[in-house]
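Quick notes on the structure that follows.
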Amino acid sequence: MRTANTLRHALGGLGLVLIGLGGWLVADQPDPWAVPVWLAGAVVLHDGIIAPAVFAVGLLLVGRRQRGVWRGALLVAGSVVLVTLPLLVRPGSPPNPSALPLPYGRNLTIVLAAVAAAAGALVAVRRLRARRPRQGRATADD
């Protein structure tokens with residue numbers, strides 16, 4: 001128990017140091033208010049658009065058994081889009097020529113199609129398993 005408390009205090013102290021470092025780095029920016037504005041925008045985007053859309057799709061469009069699969073697929077797809085979006089919508093040429101060496105629009109489409117295909121395959125496998133009789137069950141012929 002003593003080791004756990006020591007580890008907890010060490011990790012808490014490290015967390016406080018990293019929070020302080022992050023605050024110092026934000027304050028050192030030319031426009032320190034840009035980061036809190038960006039974070040507030042991320043919260044509004046998540047709570048106002050992404051979370052309600054995932055909830056609505058899960059509640060309205062799919063059956064009860066497949067809700068988790070499609071919600072998970074939407075969360076993965078939304079995360080991938082959020083990571084890729086700044087690279088796609090950045091105006092002008094990148095300051096670093098190696099920042100956009102690949103066709104990110106095409107690759108995003110491929111990844112989203114793979115996520116949808118994986119979710120669809122999982123739903124199909126679950127439906128097939130639900131239809132076929134389980135082995136080991138007593139049947140009327142026994």
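With respect to the numbered conditions (1) closer than 24 Å to L82 by Cβ; (2) open to solvent by 50 Å² or more (accessible area, probe 1.4 Å), which one is the sole condition not fulfilled by A10? Tallying (1) closer than 24 Å to L82 by Cβ; (2) open to solvent by 50 Å² or more (accessible area, probe 1.4 Å), A10 fails exactly one: (1). Would you confirm whether or not the stretch 81-89 contains a residue that is loosely packed, with under 11 Cβ neighbours inside 10 Å and either over 17 Å from the mean Cα position of the chain (by Cα) or within 30 Å of L128 (Cα to Cα) (or both)? Yes, the stretch 81-89 contains a residue that is loosely packed, with under 11 Cβ neighbours inside 10 Å and either over 17 Å from the mean Cα position of the chain (by Cα) or within 30 Å of L128 (Cα to Cα) (or both).
Elements of the type helices (runs of 4 or more DSSP H) sitting completely within the stretch 1-80 and holding at least 1 residues that are among the hydroxyl-bearing types (S, T, Y): these cover 2-27. Name the residue, out of V37, V17, V43, that is under 23 Å from the mean Cα position of the chain (by Cα), open to solvent by 90 Å² or more (accessible area, probe 1.4 Å) and free of Cβ contacts under 8 Å to residues at least 12 places away in the same chain. Exactly one residue qualifies, and that residue is V37.
The values are calculated or read from the model by the stated rules, or taken from the named source; none is laboratory data. Since this is a predicted model, take the numbers as computed values, not measurements. Counting neighbours? That spans all protein chains shown, and the Cβs are built from the backbone with ideal geometry, glycine included. Heads up: the accessible areas ignore ligands, DNA and RNA and are worked out on the full protein's heavy atoms, side chains in. Shrake-Rupley method; radii C 1.70, N 1.55, O 1.52, S 1.80 Å.
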